[in-house]
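Just so it is clear, none of the values below were taken in a lab; they were calculated from the coordinates. Bear in mind that the values here come from a model prediction, so they are computed numbers and not experimental data. Glycine also receives a Cβ, built like all others from the backbone with ideal geometry; neighbour counts cover every protein chain displayed.
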Amino acid sequence: MSNNLNKEPLSPIKAKNKAKNNYWRWPIKVFFLAVALSLLFGIIGEHFMSRTNIVWAIIVVFIFMLISVFTDMIGVAVVACNEAPFKEMTAKKIKGAKQGLYIVKNAAKIASLCADVIGDVCGVLSGAAGATILIFIIADSSILAYQTIIASFISALIAGLTIGGKAVIKQYATKNSTKIVLLMGKVFSWFSKSK
């Protein structure tokens, strides 16, 4: 207790500088995480796509699209959720409620990680995988005259499915935010117990 009394309070300038440094710390971490994930997924995707056929290329596009849509759903649910139900559930010792409360308290960071980092990286990579599909199609010399139309159609289809999927899932996430966050909390509680 005497230690707390002996500590001098931060001057307004030092407190402001500390808050400013904390403000920029998360965006800088997110930037480097996004670059690292893009490189990792890009290298793996490029290695895999260069050795595959058109069927697997289409499957990879859909996997990236699903990840993008799913992580966007998590980001929306976390932001739309309130702390109050989780405080009640934590008092009742409902499994996953404590972790859910932690998720809601850190909503901005978790939403940014899910929707902005993982979701957007996967969105970009699904477009890159779509370009690989286009290369397979262009390799067929019988359809050279339709290359521009096919390229535009593939890009539009990938964008339409991704944006449409996100629009549908955002409505679901907003209405069922507490259920989604509690489910995430249960998953995290299972991992914490397994450790």
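Kindly flag which residue pairs out of Lys29/Lys93; Lys109/Lys170; Lys92/Lys175; Lys87/Lys170; Lys29/Lys175; Lys29/Lys92 have an alpha-carbon separation exceeding 28 Å in this structure. Over 28 Å apart, Cα to Cα: Lys29/Lys93; Lys29/Lys175; Lys29/Lys92.
Evaluate E = 1/(1 + (r/R0)^6) for Lys92 and Lys175, where r is the Cβ-Cβ distance and R0 equals 25 Å; express this FRET efficiency to the nearest 0.05. The formula returns an efficiency of 0.60 here. Which net charge results for the neighbourhood of Val76, defined as the other residues with beta-carbon distances under 11 angstrom from its beta-carbon, given Lys and Arg at +1 and Asp and Glu at -1? Charge balance in the 11 Å sphere: +2.
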